[in-house]
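Structure first, then comments.
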Amino acid sequence: MMSAMLTVEDAQARVMAEVTPLGVETVAFDGAVGRVLREDVIAPADAPESDNSAMDGYAVRADDIAGAPARLRVIGTIPAGHLATARVEPGTAMRIMTGAYVPEGADTVVQVELTDGGLEEVAVQNALARGTNIRRRGEDMRAGDVVLRRGTRAGAAEVAMLAGVRKRVVQAGIRPTVAILSTGDELVDVDAARTPETIVNTNGPLLAALVRDAGAIPRPLGIVRDTREATVAALDAAATSDFILTSGGVSVGAFDFVKDALEALGAETKFWKVAMKPGKPVVLSRLRDSVCFGLPGNPVSCFVSFHLFVAPALRKAAGQEGELFPPAVRARLTAPLRAAVDRRVYFRVRVTARDGELIAQPLATQGSGSLTSMIGANGLAVVEAGTSAAAGTDIPTLLIAPIS
Ligand code: AMP
Ligand code: MG
(Lines give C-alpha, C1' and ligand atoms only; values in the text may rest on other atoms or scores of the structure.)
(Ligands and ions follow the chains in the order given, each with its own letter.)
Protein backbone atom coordinates (compact mmCIF):
# COMPACT_ATOMS: atom_id res chain seq x y z
CA MET A 1 0.00 0.00 0.00
CA MET A 2 1.28 3.47 -0.90
CA SER A 3 1.33 5.87 1.98
CA ALA A 4 3.30 8.84 0.60
CA MET A 5 1.44 12.16 0.41
CA LEU A 6 0.74 13.11 -3.18
CA THR A 7 0.33 16.64 -4.46
CA VAL A 8 -3.18 17.52 -5.59
CA GLU A 9 -1.94 17.77 -9.19
CA ASP A 10 -0.37 14.30 -9.08
CA ALA A 11 -3.50 12.87 -7.54
CA GLN A 12 -5.65 14.51 -10.21
CA ALA A 13 -3.41 13.11 -12.95
CA ARG A 14 -3.74 9.62 -11.47
CA VAL A 15 -7.49 9.96 -11.27
CA MET A 16 -7.78 11.06 -14.88
CA ALA A 17 -5.52 8.23 -16.06
CA GLU A 18 -8.00 5.82 -14.51
CA VAL A 19 -11.03 7.16 -16.40
CA THR A 20 -12.05 6.60 -20.01
CA PRO A 21 -15.14 8.05 -21.68
CA LEU A 22 -18.15 5.74 -21.64
CA GLY A 23 -20.02 4.99 -24.88
CA VAL A 24 -22.59 7.11 -26.67
CA GLU A 25 -26.37 7.05 -26.93
CA THR A 26 -28.90 8.89 -29.03
CA VAL A 27 -30.92 11.58 -27.27
CA ALA A 28 -33.67 13.96 -28.42
CA PHE A 29 -32.40 17.51 -28.91
CA ASP A 30 -34.63 18.89 -26.17
CA GLY A 31 -33.38 16.29 -23.71
CA ALA A 32 -29.76 17.27 -24.33
CA VAL A 33 -29.45 19.89 -21.57
CA GLY A 34 -26.64 18.84 -19.26
CA ARG A 35 -25.53 16.12 -21.65
CA VAL A 36 -22.17 16.01 -23.40
CA LEU A 37 -22.38 16.11 -27.19
CA ARG A 38 -20.38 13.30 -28.74
CA GLU A 39 -20.52 14.46 -32.34
CA ASP A 40 -19.73 17.67 -34.16
CA VAL A 41 -22.96 19.29 -35.33
CA ILE A 42 -22.84 20.77 -38.83
CA ALA A 43 -25.14 23.46 -40.23
CA PRO A 44 -27.05 21.91 -43.14
CA ALA A 45 -27.88 25.27 -44.72
CA ASP A 46 -27.06 28.94 -44.52
CA ALA A 47 -28.87 30.83 -41.77
CA PRO A 48 -30.61 33.04 -42.36
CA GLU A 49 -31.45 31.29 -45.62
CA SER A 50 -32.13 34.64 -47.37
CA ASP A 51 -31.45 38.29 -46.73
CA ASN A 52 -34.08 39.52 -44.30
CA SER A 53 -35.08 42.67 -42.55
CA ALA A 54 -33.60 43.62 -39.18
CA MET A 55 -36.28 46.31 -38.65
CA ASP A 56 -39.93 47.07 -39.13
CA GLY A 57 -39.93 49.59 -41.97
CA TYR A 58 -39.83 49.85 -45.74
CA ALA A 59 -37.85 47.82 -48.27
CA VAL A 60 -36.45 50.29 -50.78
CA ARG A 61 -33.74 50.82 -53.39
CA ALA A 62 -30.88 52.87 -51.88
CA ASP A 63 -30.65 54.87 -55.12
CA ASP A 64 -34.26 56.02 -54.73
CA ILE A 65 -33.57 57.66 -51.34
CA ALA A 66 -30.08 58.96 -52.12
CA GLY A 67 -31.54 62.46 -52.53
CA ALA A 68 -33.83 62.24 -49.46
CA PRO A 69 -36.24 63.54 -48.47
CA ALA A 70 -37.97 61.27 -50.97
CA ARG A 71 -41.51 60.00 -51.62
CA LEU A 72 -42.07 56.40 -52.76
CA ARG A 73 -45.22 54.54 -53.79
CA VAL A 74 -46.04 51.69 -51.36
CA ILE A 75 -46.93 48.59 -53.40
CA GLY A 76 -47.56 46.06 -50.60
CA THR A 77 -46.78 44.72 -47.13
CA ILE A 78 -44.59 41.73 -46.17
CA PRO A 79 -45.27 40.33 -42.69
CA ALA A 80 -42.63 38.01 -41.18
CA GLY A 81 -43.28 34.48 -42.41
CA HIS A 82 -44.66 35.65 -45.77
CA LEU A 83 -42.92 36.05 -49.12
CA ALA A 84 -43.26 39.18 -51.21
CA THR A 85 -45.54 38.79 -54.22
CA ALA A 86 -44.10 41.75 -56.09
CA ARG A 87 -40.74 43.26 -57.01
CA VAL A 88 -39.59 46.64 -55.76
CA GLU A 89 -39.21 48.72 -58.95
CA PRO A 90 -37.63 52.18 -59.05
CA GLY A 91 -39.79 54.71 -57.23
CA THR A 92 -41.60 52.09 -55.12
CA ALA A 93 -41.29 50.57 -51.64
CA MET A 94 -42.87 47.72 -49.68
CA ARG A 95 -43.69 47.78 -46.00
CA ILE A 96 -41.65 45.04 -44.35
CA MET A 97 -41.62 43.52 -40.85
CA THR A 98 -38.59 42.32 -38.88
CA GLY A 99 -37.49 38.89 -40.07
CA ALA A 100 -39.35 38.99 -43.41
CA TYR A 101 -37.26 38.21 -46.50
CA VAL A 102 -36.22 41.27 -48.45
CA PRO A 103 -38.14 41.38 -51.75
CA GLU A 104 -36.40 41.31 -55.11
CA GLY A 105 -35.32 44.70 -56.32
CA ALA A 106 -34.89 46.14 -52.81
CA ASP A 107 -31.42 46.49 -51.26
CA THR A 108 -32.05 48.57 -48.14
CA VAL A 109 -34.59 48.79 -45.31
CA VAL A 110 -35.62 52.16 -43.90
CA GLN A 111 -36.80 51.79 -40.32
CA VAL A 112 -40.34 53.06 -39.82
CA GLU A 113 -39.10 55.73 -37.40
CA LEU A 114 -37.32 57.51 -40.28
CA THR A 115 -40.54 57.75 -42.33
CA ASP A 116 -44.06 59.12 -42.00
CA GLY A 117 -45.38 55.53 -41.84
CA GLY A 118 -47.51 56.05 -44.96
CA LEU A 119 -49.62 53.20 -46.36
CA GLU A 120 -50.17 54.37 -49.95
CA GLU A 121 -47.14 56.55 -50.21
CA VAL A 122 -44.22 56.92 -47.84
CA ALA A 123 -42.04 59.93 -47.12
CA VAL A 124 -38.44 58.99 -46.28
CA GLN A 125 -36.44 61.62 -44.37
CA ASN A 126 -32.87 60.31 -44.72
CA ALA A 127 -30.63 58.66 -47.25
CA LEU A 128 -29.18 55.33 -46.08
CA ALA A 129 -26.19 53.34 -47.26
CA ARG A 130 -27.08 50.35 -49.43
CA GLY A 131 -27.65 47.25 -47.28
CA THR A 132 -28.65 49.12 -44.12
CA ASN A 133 -30.92 47.08 -41.79
CA ILE A 134 -30.54 43.89 -43.79
CA ARG A 135 -29.34 40.66 -42.19
CA ARG A 136 -27.42 38.87 -44.88
CA ARG A 137 -27.95 35.30 -45.91
CA GLY A 138 -25.45 33.13 -44.00
CA GLU A 139 -24.63 35.89 -41.54
CA ASP A 140 -25.33 33.60 -38.57
CA MET A 141 -23.92 30.40 -40.06
CA ARG A 142 -22.92 28.93 -43.41
CA ALA A 143 -23.86 25.48 -44.68
CA GLY A 144 -21.07 23.14 -43.55
CA ASP A 145 -20.01 25.19 -40.53
CA VAL A 146 -19.35 23.20 -37.35
CA VAL A 147 -21.81 24.95 -35.03
CA LEU A 148 -21.40 22.69 -31.98
CA ARG A 149 -18.26 20.82 -31.04
CA ARG A 150 -18.06 17.26 -29.86
CA GLY A 151 -17.09 17.08 -26.19
CA THR A 152 -19.03 20.15 -25.06
CA ARG A 153 -21.73 20.01 -22.43
CA ALA A 154 -25.02 21.30 -23.77
CA GLY A 155 -26.98 24.10 -22.12
CA ALA A 156 -29.94 26.15 -23.28
CA ALA A 157 -28.07 27.84 -26.15
CA GLU A 158 -26.90 24.47 -27.50
CA VAL A 159 -30.45 23.10 -27.40
CA ALA A 160 -31.64 26.14 -29.35
CA MET A 161 -28.88 25.53 -31.89
CA LEU A 162 -29.84 21.86 -32.26
CA ALA A 163 -33.40 22.97 -33.00
CA GLY A 164 -32.14 25.71 -35.32
CA VAL A 165 -30.21 23.25 -37.48
CA ARG A 166 -33.07 20.72 -37.32
CA LYS A 167 -30.95 18.19 -35.48
CA ARG A 168 -33.79 16.29 -33.84
CA VAL A 169 -31.55 13.66 -32.25
CA VAL A 170 -27.91 13.86 -31.29
CA GLN A 171 -25.21 11.50 -30.04
CA ALA A 172 -24.51 12.16 -26.36
CA GLY A 173 -22.12 10.57 -23.91
CA ILE A 174 -23.68 7.92 -21.69
CA ARG A 175 -23.98 9.40 -18.21
CA PRO A 176 -21.92 7.54 -15.63
CA THR A 177 -23.78 5.83 -12.80
CA VAL A 178 -22.39 6.57 -9.36
CA ALA A 179 -23.04 4.38 -6.33
CA ILE A 180 -22.93 6.34 -3.06
CA LEU A 181 -22.14 4.62 0.23
CA SER A 182 -22.13 6.50 3.52
CA THR A 183 -20.05 4.66 6.11
CA GLY A 184 -20.43 5.26 9.83
CA ASP A 185 -22.07 3.61 12.85
CA GLU A 186 -23.09 7.06 14.05
CA LEU A 187 -25.17 7.78 10.93
CA VAL A 188 -28.95 7.77 10.65
CA ASP A 189 -31.28 8.75 7.85
CA VAL A 190 -32.85 12.17 7.84
CA ASP A 191 -36.19 11.01 9.26
CA ALA A 192 -34.83 8.87 12.11
CA ALA A 193 -35.54 9.98 15.67
CA ARG A 194 -32.96 12.37 17.17
CA THR A 195 -30.65 10.70 19.71
CA PRO A 196 -27.41 11.98 21.27
CA GLU A 197 -25.17 9.28 19.80
CA THR A 198 -26.29 9.68 16.18
CA ILE A 199 -25.84 12.22 13.42
CA VAL A 200 -27.79 12.64 10.22
CA ASN A 201 -26.18 11.32 7.06
CA THR A 202 -25.58 14.54 5.16
CA ASN A 203 -22.79 13.26 2.90
CA GLY A 204 -25.18 10.93 1.08
CA PRO A 205 -27.52 13.73 -0.07
CA LEU A 206 -24.54 16.06 -0.61
CA LEU A 207 -22.81 13.63 -2.94
CA ALA A 208 -26.02 12.72 -4.77
CA ALA A 209 -26.62 16.40 -5.54
CA LEU A 210 -23.00 16.97 -6.61
CA VAL A 211 -23.13 13.91 -8.86
CA ARG A 212 -26.28 15.19 -10.53
CA ASP A 213 -24.70 18.65 -10.99
CA ALA A 214 -21.71 17.03 -12.68
CA GLY A 215 -24.02 15.39 -15.23
CA ALA A 216 -23.96 11.86 -13.81
CA ILE A 217 -26.61 9.58 -12.27
CA PRO A 218 -26.46 9.05 -8.50
CA ARG A 219 -27.39 5.68 -7.00
CA PRO A 220 -27.68 6.31 -3.27
CA LEU A 221 -27.06 2.99 -1.53
CA GLY A 222 -27.52 4.25 2.01
CA ILE A 223 -25.61 3.84 5.24
CA VAL A 224 -22.95 1.17 5.75
CA ARG A 225 -22.11 0.00 9.26
CA ASP A 226 -18.50 0.12 10.47
CA THR A 227 -17.65 -3.55 10.17
CA ARG A 228 -15.36 -5.18 7.68
CA GLU A 229 -18.11 -7.56 6.52
CA ALA A 230 -20.70 -4.85 5.96
CA THR A 231 -18.19 -2.70 4.09
CA VAL A 232 -17.07 -5.60 1.88
CA ALA A 233 -20.68 -6.55 1.09
CA ALA A 234 -21.69 -2.96 0.29
CA LEU A 235 -18.71 -2.33 -1.98
CA ASP A 236 -19.22 -5.64 -3.71
CA ALA A 237 -22.84 -4.76 -4.46
CA ALA A 238 -21.91 -1.24 -5.58
CA ALA A 239 -19.43 -2.45 -8.21
CA THR A 240 -22.13 -2.66 -10.88
CA SER A 241 -21.99 1.15 -11.16
CA ASP A 242 -19.39 2.99 -13.22
CA PHE A 243 -18.17 4.80 -10.11
CA ILE A 244 -18.38 4.17 -6.39
CA LEU A 245 -18.14 6.97 -3.85
CA THR A 246 -17.76 6.13 -0.19
CA SER A 247 -17.60 8.72 2.55
CA GLY A 248 -15.90 8.19 5.88
CA GLY A 249 -13.88 5.24 7.08
CA VAL A 250 -10.67 6.13 5.26
CA SER A 251 -8.63 7.52 8.15
CA VAL A 252 -6.51 5.52 10.55
CA GLY A 253 -9.32 5.00 13.06
CA ALA A 254 -9.94 1.54 14.50
CA PHE A 255 -13.24 1.37 12.61
CA ASP A 256 -12.08 2.66 9.23
CA PHE A 257 -12.64 -0.29 6.93
CA VAL A 258 -12.87 1.11 3.42
CA LYS A 259 -9.25 0.41 2.40
CA ASP A 260 -9.27 -3.03 4.00
CA ALA A 261 -12.53 -3.93 2.35
CA LEU A 262 -11.32 -2.79 -1.07
CA GLU A 263 -8.19 -4.87 -0.67
CA ALA A 264 -10.20 -7.87 0.49
CA LEU A 265 -12.19 -7.59 -2.74
CA GLY A 266 -8.97 -7.61 -4.76
CA ALA A 267 -9.19 -3.94 -5.72
CA GLU A 268 -6.07 -2.05 -6.68
CA THR A 269 -5.63 0.97 -4.36
CA LYS A 270 -3.98 3.91 -6.12
CA PHE A 271 -3.35 6.37 -3.33
CA TRP A 272 -4.70 7.33 -0.02
CA LYS A 273 -3.17 10.60 1.13
CA VAL A 274 -3.18 13.91 -0.69
CA ALA A 275 -1.33 17.00 0.54
CA MET A 276 -4.42 19.12 1.02
CA LYS A 277 -6.65 20.45 3.72
CA PRO A 278 -9.46 19.71 4.09
CA GLY A 279 -9.53 16.20 2.78
CA LYS A 280 -6.16 14.53 3.28
CA PRO A 281 -7.31 10.91 3.18
CA VAL A 282 -8.66 10.14 -0.29
CA VAL A 283 -8.61 6.68 -1.79
CA LEU A 284 -8.60 5.97 -5.49
CA SER A 285 -9.16 2.36 -6.37
CA ARG A 286 -10.42 0.18 -9.17
CA LEU A 287 -12.89 -2.47 -8.15
CA ARG A 288 -13.63 -4.67 -11.17
CA ASP A 289 -15.02 -2.20 -13.77
CA SER A 290 -15.78 0.54 -11.25
CA VAL A 291 -13.58 3.45 -10.31
CA CYS A 292 -13.87 3.87 -6.57
CA PHE A 293 -13.21 7.03 -4.58
CA GLY A 294 -12.94 6.74 -0.82
CA LEU A 295 -13.75 10.28 0.29
CA PRO A 296 -13.24 11.61 3.81
CA GLY A 297 -16.15 11.62 6.22
CA ASN A 298 -16.05 15.26 7.23
CA PRO A 299 -18.70 16.95 5.12
CA VAL A 300 -16.45 19.77 3.92
CA SER A 301 -13.56 17.42 3.13
CA CYS A 302 -16.01 15.32 1.18
CA PHE A 303 -17.26 18.41 -0.69
CA VAL A 304 -13.79 19.75 -1.54
CA SER A 305 -12.37 16.43 -2.63
CA PHE A 306 -15.44 15.84 -4.79
CA HIS A 307 -14.80 19.08 -6.68
CA LEU A 308 -11.07 18.42 -7.10
CA PHE A 309 -11.13 14.75 -8.05
CA VAL A 310 -14.56 13.28 -8.62
CA ALA A 311 -16.34 15.94 -10.69
CA PRO A 312 -13.50 16.08 -13.29
CA ALA A 313 -13.54 12.28 -13.51
CA LEU A 314 -17.33 12.17 -14.02
CA ARG A 315 -17.12 14.86 -16.71
CA LYS A 316 -14.40 12.94 -18.54
CA ALA A 317 -16.38 9.69 -18.29
CA ALA A 318 -19.42 11.45 -19.77
CA GLY A 319 -17.29 12.45 -22.76
CA GLN A 320 -16.55 16.07 -21.93
CA GLU A 321 -13.27 17.16 -23.54
CA GLY A 322 -12.43 20.55 -22.02
CA GLU A 323 -13.10 22.44 -18.83
CA LEU A 324 -12.88 19.29 -16.74
CA PHE A 325 -11.37 20.96 -13.67
CA PRO A 326 -12.77 23.91 -11.72
CA PRO A 327 -11.55 27.09 -13.46
CA ALA A 328 -8.90 29.10 -11.62
CA VAL A 329 -9.24 32.87 -11.29
CA ARG A 330 -7.45 35.44 -9.18
CA ALA A 331 -9.60 37.15 -6.59
CA ARG A 332 -8.90 39.87 -4.05
CA LEU A 333 -9.15 38.68 -0.46
CA THR A 334 -11.29 40.63 1.99
CA ALA A 335 -9.62 39.01 5.04
CA PRO A 336 -6.22 37.39 5.67
CA LEU A 337 -5.78 33.62 5.27
CA ARG A 338 -3.06 31.45 6.67
CA ALA A 339 -2.15 27.84 5.89
CA ALA A 340 -0.51 26.92 9.20
CA VAL A 341 -0.08 23.28 8.16
CA ASP A 342 2.25 21.20 5.96
CA ARG A 343 -0.43 20.89 3.30
CA ARG A 344 -2.05 23.27 0.82
CA VAL A 345 -5.30 24.66 2.20
CA TYR A 346 -8.49 25.23 0.21
CA PHE A 347 -10.52 27.89 2.00
CA ARG A 348 -14.19 28.23 1.19
CA VAL A 349 -14.88 31.71 -0.13
CA ARG A 350 -17.71 33.63 -1.66
CA VAL A 351 -16.57 35.15 -4.95
CA THR A 352 -18.38 38.21 -6.25
CA ALA A 353 -17.65 40.62 -9.10
CA ARG A 354 -17.37 44.26 -8.04
CA ASP A 355 -16.27 47.15 -10.28
CA GLY A 356 -14.69 44.78 -12.76
CA GLU A 357 -12.75 42.91 -10.09
CA LEU A 358 -13.26 39.56 -8.41
CA ILE A 359 -13.54 39.67 -4.64
CA ALA A 360 -13.11 36.61 -2.41
CA GLN A 361 -14.74 36.75 0.99
CA PRO A 362 -13.71 33.84 3.25
CA LEU A 363 -16.68 32.24 4.96
CA ALA A 364 -16.73 32.82 8.70
CA THR A 365 -16.36 29.17 9.67
CA GLN A 366 -13.74 27.02 7.98
CA GLY A 367 -14.00 23.86 10.06
CA SER A 368 -14.13 20.69 7.99
CA GLY A 369 -17.20 19.48 9.83
CA SER A 370 -19.07 22.72 9.28
CA LEU A 371 -22.08 22.60 7.00
CA THR A 372 -22.42 26.39 7.24
CA SER A 373 -18.99 26.83 5.64
CA MET A 374 -20.33 25.32 2.41
CA ILE A 375 -23.39 27.56 2.20
CA GLY A 376 -22.80 30.31 -0.33
CA ALA A 377 -19.27 29.08 -1.09
CA ASN A 378 -18.66 29.31 -4.84
CA GLY A 379 -14.89 29.37 -4.62
CA LEU A 380 -11.93 27.61 -3.05
CA ALA A 381 -9.10 30.03 -2.29
CA VAL A 382 -5.76 28.26 -2.52
CA VAL A 383 -3.08 28.98 0.10
CA GLU A 384 0.14 26.96 -0.11
CA ALA A 385 1.50 25.09 2.90
CA GLY A 386 3.10 27.31 5.50
CA THR A 387 2.24 30.56 3.73
CA SER A 388 -0.28 33.30 4.33
CA ALA A 389 -2.14 35.80 2.19
CA ALA A 390 -2.91 39.31 3.42
CA ALA A 391 -6.25 41.04 3.03
CA GLY A 392 -6.29 43.02 -0.22
CA THR A 393 -4.01 40.63 -2.14
CA ASP A 394 -5.07 38.63 -5.16
CA ILE A 395 -4.94 34.90 -4.65
CA PRO A 396 -5.65 31.91 -6.89
CA THR A 397 -9.22 30.76 -6.44
CA LEU A 398 -11.00 27.79 -7.99
CA LEU A 399 -14.57 28.45 -9.03
CA ILE A 400 -16.87 25.61 -8.01
CA ALA A 401 -20.15 27.39 -8.79
CA PRO A 402 -21.12 30.43 -10.88
CA ILE A 403 -20.30 33.94 -9.67
CA SER A 404 -23.52 35.64 -8.74
P1 AMP B 1 -14.59 9.26 9.52
O2 AMP B 1 -13.63 9.58 8.44
O3 AMP B 1 -15.44 8.08 9.21
O4 AMP B 1 -13.90 9.14 10.84
O5 AMP B 1 -15.57 10.51 9.64
C6 AMP B 1 -15.06 11.79 9.96
C7 AMP B 1 -16.15 12.67 10.49
O8 AMP B 1 -17.14 12.87 9.49
C9 AMP B 1 -16.89 12.13 11.69
O10 AMP B 1 -17.15 13.18 12.58
C11 AMP B 1 -18.16 11.60 11.12
O12 AMP B 1 -19.21 11.59 12.04
C13 AMP B 1 -18.43 12.55 9.99
N14 AMP B 1 -19.20 11.87 8.95
C15 AMP B 1 -18.86 10.71 8.37
N16 AMP B 1 -19.77 10.35 7.47
C17 AMP B 1 -20.71 11.30 7.47
C18 AMP B 1 -21.93 11.49 6.74
N19 AMP B 1 -22.32 10.59 5.83
N20 AMP B 1 -22.65 12.58 6.98
C21 AMP B 1 -22.23 13.49 7.90
N22 AMP B 1 -21.10 13.36 8.61
C23 AMP B 1 -20.36 12.29 8.41
MG1 MG C 1 -16.48 6.82 10.26
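Structure data summary
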{"read-out": "Residue that is farthest from VAL19 (Cα to Cα) [pool: residues in the range 302-317 that are out of contact with any strand residue (DSSP E or B) (no Cβ under 7 Å at 6 or more places or on another chain) and of a type in the set (Gly, Ala, Ser)]", "value": "ALA311"}
{"read-out": "Any chance THR77 is touching a helix residue (DSSP H, G or I) at 6+ places or on another chain (Cβ under 9 Å) and surrounded by fewer than 16 Cβ atoms within 10 Å (Cβ to Cβ)", "value": "no"}
{"read-out": "Considering residues of the range 341-364 that are touching a strand residue (DSSP E or B) at 6+ places or on another chain (Cβ under 8 Å) and part of a loop (DSSP other than H, G, I, E, B) only, the residue farthest from ASP213 (Cα to Cα)", "value": "VAL341"}
{"read-out": "Unique match (being closer than 30 Å to GLY34 by Cα, more than 14 Å from ligand 1 (Cβ to nearest atom) and in contact with a helix residue (DSSP H, G or I) (Cβ under 7 Å, 6 or more places away or on another chain)) among VAL170, VAL165, VAL232", "value": "VAL170"}
{"read-out": "Number of the exception - SER285 against (1) modelled with pLDDT of 95 or more; (2) more than 25 Å from the chain's Cα centre (by Cα); (3) under 22 Å from VAL15 (Cβ atoms); (4) of a type in the set (S, T, N, Q)", "value": "(1)"}
{"read-out": "Conditions (1) out of contact with any Cys (no Cβ under 8 Å at 6 or more places or on another chain); (2) part of a strand (DSSP E or B); number of the one not met by ILE244", "value": "(1)"}
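Residue by residue, here is whether (1) touching a residue at least 60 places away in the same chain (Cβ under 8 Å); (2) touching a helix residue (DSSP H, G or I) at 6+ places or on another chain (Cβ under 7 Å); (3) surrounded by 24 or more Cβ atoms within 10 Å (Cβ to Cβ) holds:
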| residue | (1), (2), (3) |
| --- | --- |
| ALA335 | no, no, no |
| ALA340 | no, no, no |
| VAL349 | no, no, yes |
| SER370 | yes, yes, no |
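The values are calculated or read from the model by the stated rules, or taken from the named source; none is laboratory data. Keep in mind it's a predicted model, so treat the numbers as computed, not measured. Virtual Cβ from ideal backbone geometry, glycine too; neighbours counted across all protein chains shown.
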